[in-house]
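> Starting off with a structure, shown below.
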Amino acid sequence: MDVPPGDGVDAIVSRALEESGQHILRVEVGYQTSEGSQKTLRKFYRFHVSSPIQIKERTVRTGDSSCLVSIAVENISAHAMVISQATFETVPGLESTSLDKESKTNDTPSPRRSAAQMLDHCGRLEPKSSVRFLFSVSSNHQEKEGIACGDRLGQAVLEWKKTMGESGRIVSGPITCPPVQPPGLSEQNPTKIMMGSSDYVVYKSGLSVDVAAASVGSAPQSLLHSWLPVTVEPMDPLASTMTLGKPIQVVLLVVNHFGASKNLQLQFRLNHMSGVAICGKSFCNLGELPGNGGSKVVQVGFLPLVAGLLRVQGCCVVELDTGKEIPQPPLFHVLVETPSEQ
């Protein structure tokens with residue numbers, strides 16, 4: 001490129017910055033004089049980079065292969081801005097869906113809204129104000145069967161515009177699948193495990209996937225496999241309501257995560273059950289289950305004794321050859337209604 005005397009060249013160089021704080025831009029220009037000699041000119045420019053928004057995320061598991069990701073965005077700058085777009089970029093094998101009502105498109109015309117409603121949904125953020133976005137992340141069963149603790153889900157991507165038209169884009173840190181935390185496991189207290197000390201239930205918690213991942217050493221919860229080498233979880237379709245005094249059948253999946261086959265028996269213990277009792281035999285011989293993920297489906301009857309929101313609990317698996325007991329966390333919540341309420 002030839003530059004005549006007294007003339008110049010304008011160039012724009014852009015680069016995405018991933019960290020806030022002090023940055024140094026180094027500009028180096030190499031040129032050749034008319035005499036043919038090679039020369040270099042270097043300049044250094046120091047500048048500060050700050051993010052006008054703050055991102056906080058929370059992830060909740062909703063099954064063996066799905067999670068809900070909540071992204072809270074706060075405007076920490078001194079000026080108003082507009083969040084023009086919010087997306088969630090997943091890793092290969094996963095897919096995301098925005099649960100924001102405004103992002104859903106359909107062929108039906110939207111109802112006429114007031115100016116205040118339009119302002120609420122335009123994405124404008126005043127200083128110190130915040131907005132929340134919700135995404136459902138699930139696995140593509142053709143590429144990935146389940147989502148285990150520690151698996152990377154992806155990153156939230158936000159784009160904004162300021163009042164004078166300046167635009168920006170920020171990417172959150174990597175968001176991972178959270179671990180399941182059944183109460184009492186680390187203490188190995190059978191009563192606390194079977195009865196539970198919190199609202200935790202196995203249904204749609206991803207417990208079986210985490211135990212399977214821990215058994216092959218691909219999950220950070222390496223002790224989970226030794227605490228819970230056999231898992232019991234309800235299978236869909238699972239009734240969310242029961243009628244007081246009316247028995248109901250529930251399908252359970254028992255998975256053997258031991259490295260070898262085991263002769264197992266499924267038990268339900270009445271002294272650890274509350275509000276919902278076993279209907280029929282309190283035990284079921286499972287026979288020899290193969291190791292490393294061998295499973296069996298069984299059907300168990302339950303009888304609601306009191307009305308209200310209850311947990312089905314008191315489940316325990318016994319290894320018949322050694323007598324080892326493997327207590328199970330509460331299985332699922334159920335709403336028991338009286339016949340007059342239906």
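> Say the dipole of the range 141-214 comes from +1 at the beta carbon of Lys and Arg and -1 at that of Asp and Glu; which of ILE193, LEU207, GLY150 then lies farthest toward its positive end?
Looking along the dipole axis, the top candidate is GLY150.
> To continue, here is another question. What distance in nm separates the two pseudo spin-label positions at SER226 and VAL306, each 7 Å out from Cα along the beta-carbon direction?
Roughly 3.8 nm, to one decimal.
> Measuring with a 1.4 Å probe in the full set of protein chains, what accessible area per residue, in whole Å², belongs to the chain? Don't skip to the end; give the middle numbers.
Numbers: 20350 Å² over 342 residues.
Accessible area per residue: 59 Å².
> Please identify the longest segment of the chain free of exposed trypsin sites (Lys or Arg not before Pro), where exposed means a DSSP state other than H, G, I, E or B and no more than 14 other Cβ atoms within 10 Å. Present the calculation step by step, with values, prior to reporting the outcome.
On the way: sites that count: ARG15, LYS104, ARG112, ARG113, LYS128, LYS281.
Here the longest segment lacking exposed loop sites spans 129-280.
> Rounded to the nearest 500, what is the 222 nm mean residue ellipticity of the chain from helices alone, with -39500 (n - 2.57) per DSSP H run of 4+ residues and division by all residues?
Numbers: 4 runs with 25 residues, N = 342.
Value at 222 nm, helices only, nearest 500: -1500 deg cm²/dmol.
> Per-residue HN-Hα couplings for the range 327-335, Karplus 6.51 cos²θ - 1.76 cosθ + 1.60 at θ = phi - 60°, whole Hz, x for Gly and Pro?
Result, ordered by residue: x, 10, x, x, 7, 6, 8, 8, 9 Hz.
> Quick query: amide H of LEU125 versus all other amide H atoms, modeled in the peptide plane; which residues come in under 5 Å with a sequence gap of 5 or more or a different chain?
HN-HN under 5 Å from LEU125: MET81, VAL82, ILE83.
> Moving on to the next point. On average, how much area does the Cα convex hull of the range 241-284 cover when viewed from any direction, in nm²?
Values: hull surface 17.3 nm².
Averaging across all directions leaves 4.3 nm² for the Cα convex hull.
> I would also like to ask the following. Rounded to the nearest 10 Å², what accessible area does THR33 show when all protein chains are kept and the probe is 1.4 Å?
In the full protein context, THR33 sits at about 30 Å².
> At q = 0.11, 0.14, 0.15 Å⁻¹, what base-10 log of I(q)/I(0) does the Debye formula yield for the chain when every alpha carbon is treated as an equal point scatterer in vacuo?
-0.89, -1.14, -1.21
> Would you grab the residues whose amide H sits under 5 Å from the one on THR62? Only those 5+ places off in sequence or on another chain, please, with H modelled 1.01 Å from N.
CYS67, LEU68
> Over the chain, what percent of the accessible surface lies on carbon and sulfur atoms, probe 1.4 Å?
On the way: 10230 of 20350 Å².
Roughly 50 percent of what the probe reaches on the chain is carbon or sulfur.
> Express in whole angstrom the spacing between the alpha-carbon centres of the range 280-342 and the range 254-275.
Result: 8 Å between the Cα centres.
> Rank ILE53, ILE170 by accessible area, highest first, at a 1.4 Å probe radius?
Values: ILE53 5, ILE170 35 Å².
Largest to smallest exposure gives the sequence ILE170, ILE53.
> Rounded to the nearest 0.05, what FRET efficiency do GLN32 and ARG152 have when you use their Cβ-Cβ distance and R0 = 56 Å? Don't skip to the answer; put the middle values down first.
On the way: r = 49 Å, r/R0 = 0.87.
So the FRET efficiency works out to roughly 0.70.
> Going 7 Å from the Cα of HIS48 in the Cα-to-Cβ direction, what parts of the range 73-94 have a backbone nitrogen less than 17 Å from that spot?
Correct set: 76-79.
> Just how large is the dipole of the chain about the Cα centre, in debye to the nearest 20, putting +1 at every Lys and Arg Cβ and -1 at every Asp and Glu Cβ? Intermediate results must be reported in sequence, preceding the final value.
On the way: 30 positive and 33 negative charges, 124 e Å.
Magnitude of the dipole: close to 600 debye.
The values are calculated or read from the model by the stated rules, or taken from the named source; none is laboratory data. Computed from a predicted structure; not experimentally measured. Positions of Cβ are backbone-derived with ideal geometry, glycine not excepted, and every protein chain shown enters the neighbour counts. Only protein heavy atoms, including side chains, enter the accessible area calculation; ligands, DNA and RNA are left aside. Shrake-Rupley method; radii C 1.70, N 1.55, O 1.52, S 1.80 Å.
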